[in-house]
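Encoded as structure tokens, the structure appears first; notes follow it.
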Amino acid sequence: MRVVLVDDEPMALVVLKELLSSYHDVEIVDAYTDAQEALNNIDETKPDVIFLDIEMGRVGGLELASILANSIKNIEIVFVTAYSQYALDAFELDAIDYLQKPVQEARMRKTIYRLREKIDIATPVITGDLKLKCFGELQILDDSGKPLTWRTQKAKELFAYLWYKDAAVSKDIIMNDIFPDRNMEKAGTLLHTTIYQLRKGLEKLGYSNGIEYSNESYRLNVPVKSDYFELKCILDKKEHSENDMEQILNIYNGDFFEKEEYLWAEENRHKYAQKVLDLLEKYAAKNLRQGEFTNNIKTLLEKLLKIDPYNENAAKMKIIYHGKTGGRVELQKFYKFFENTLLEELDIKPEESTTALYKKYMR
């Protein structure tokens with residue numbers, strides 16, 4: 001990797017050169033004590049990486065990094081400074097690392113490892129939309145259907161959160177929603193680290209500007225197709241076909257982000273569970289009234305009771321289905337299961353009308 005060093009202290013450059021000299025794949029193409037001079041020669045040096053001091057003269061490290069980030073693609077920035085208060089600013093500029101002086105050899109090894117990991121990655125593996133499965137377990141897939149891997153669970157959650165918001169969200173709101181159990185200072189540090197991880201992960205996939213930042217707010221800038229919007233489109237219809245029901249049964253494998261239990265998704269989780277429940281119940285009741293006793297209705301009723309295992313209306317429809325199709329063994333088995341579920345979970349018995357309906361079909 002081609003490396004340029006920029007620090008207004010000559011001895012600091014000497015120390016960096018010595019630390020980097022032991023890495024066979026690091027080529028120090030130039031070193032500067034003046035940031036402006038480094039900037040003027042950037043087309044000639046063509047570095048993969050720039051090690052930058054932050055506190056310098058006419059043009060500081062943060063300013064130079066900002067210019068480079070906006071004008072040159074695929075350049076990595078490593079800040080080297082004696083001042084820890086610049087860490088958040090550094091990560092805002094998407095630096096790959098932040099080293100504090102005096103730089104230790106062990107710490108430099110970690111930086112080189114990160115650089116190798118990043119620079120060795122070949123370009124964009126994804127050319128199409130990402131795919132999001134939101135019901136049951138959250139899955140984020142590439143355009144070939146392969147699940148993505150995440151450096152941390154918080155990076156995965158932040159991706160889902162920004163996708164769900166579908167708008168620029170202020171840092172304060174994100175911190176409150178994603179890190180609710182942390183004080184503001186700690187939440188701020190965690191947010192910047194998570195944003196950095198998410199940006200880098202998206203860059204590896206080919207989305208060079210996957211996270212946009214402006215006016216103290218972040219926005220996801222990645223094309224995504226989701227089962228959430230597929231389901232929403234079906235639920236918003238005025239009339240529903242058998243094919244619509246089949247699609248709902250295929251999509252709704254659990255509540256919205258059910259396994260992740262994200263607190264910020266709680267309201268939507270209940271909202272969509274109720275919408276699906278109401279539609280399935282309404283559709284099943286309509287078909288049973290019309291004498292439709294197909295396997296699809298049986299599957300629909302099973303899904304309905306899986307979503308709400310204490311639903312007396314659904315239980316009555318299941319009793320009617322088995323009673324009308326002559327499945328006395330299945331009817332008896334189902335009623336006993338329903339009765340035991342209510343007793344064990346809620347310490348109640350089925351409604352008298354449910355029991356009476358069961359007895360009617362068992363006669």
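Please report Rg (one decimal) and Dmax (integer) in Å for the Cα set of the chain.
29.3, 97
Which residue, Leu288, Ala273, Leu263, has the largest displacement toward the positive end of the dipole of segment 253-293 when charges sit on each Cβ (Lys, Arg +1; Asp, Glu -1)?
Going by the Cα projections, it comes out as Leu288.
With the dipole of the chain worked out from charges on the C-beta (+1 for Lys and Arg, -1 for Asp and Glu) around the Cα centre, which of Ile248, Val3, Leu231 lies farthest toward the positive end?
Ile248
Starting from 0.36 nm per residue, how many nanometres of slack lie between Ser208 and Asp30 once their C-alpha separation is accounted for?
This chain segment gains 61.4 nm when fully extended.
So what's the net charge close to Asn74: Lys and Arg +1, Asp and Glu -1, counting the other residues with Cβ under 10 Å from its Cβ?
Once all neighbours under 10 Å are counted, the net charge is -1.
Under the rule a/c < 1.5 gives rounded, and otherwise a/b versus b/c splits prolate from oblate, where does segment 268-339 land using the Cα gyration tensor?
Oblate, because a/c is 1.5 or more while a/b does not exceed b/c.
Where is the GNM fluctuation largest for the chain (alpha-carbon springs, 10 angstrom cutoff): Phe229, Phe257, Phe135?
Phe229
Nearest 10 degrees is fine. How inclined is helix 312-325 to the longest principal axis of the chain, computing both from alpha carbons?
For helix 312-325, the angle is close to 60 degrees.
Once both axes come from the Cα atoms, what is the angle between helix 153-165 and the longest principal axis of the chain, in degrees from 0 to 90, rounded to 10?
70
Shape call for segment 162-284 from the C-alpha gyration tensor, a ≥ b ≥ c root eigenvalues: rounded (a/c under 1.5), prolate (a/b greater than b/c) or oblate?
Cα axes put segment 162-284 in the prolate bin.
Amide H of Ile28: which non-local residues (sequence gap of 5 or more, or other chain) have their own amide H closer than 5 Å, using H built in the peptide plane?
Val3
Could you identify which residue out of Ser21, Ser226, Ser217 has the top mean-square fluctuation in a GNM of the chain using Cα springs shorter than 10 Å?
With Cα springs under 10 Å in the chain, the top fluctuation among Ser21, Ser226, Ser217 is at Ser21.
With each label point set 7 Å from Cα along the Cα-Cβ vector, what nm distance links Arg116 and Ala82?
Once both label points are built, they end up 3.2 nm from each other.
Around Asn41, under 14 Å between beta carbons, what's the net of Lys plus Arg minus Asp minus Glu among the other residues?
Summing Lys and Arg as +1 and Asp and Glu as -1 gives -3.
Cα axis of helix 61-71 to longest principal axis of the chain: angle in degrees, 0 to 90, nearest 10?
Computed tilt is about 60 degrees.
With the cut-off at 1.5 for a/c, could you classify segment 249-290 from its C-alpha gyration tensor as rounded, prolate or oblate?
The shape class here is prolate.
Do any GluC sites (Glu not before Pro) in segment 176-263 lie in a DSSP loop with no more than 13 other beta carbon atoms within 10 Å, and if so, which?
In loop regions of segment 176-263 (DSSP not H, G, I, E or B), the sparsely surrounded GluC sites (Glu not before Pro) are Glu216, Glu239, Glu261.
Would you list Thr299, Thr193 from fewest to most Cβ contacts within 10 Å?
Going from least to most buried by this count: Thr299, Thr193.
Every number here is computed from the coordinates shown, using simple stated rules; none is lab data. Remember, it's a predicted structure, so these values are computed and weren't measured experimentally. Please note: Cβ atoms are built from the backbone with ideal geometry, for glycine as well, and neighbour counts cover all protein chains shown.
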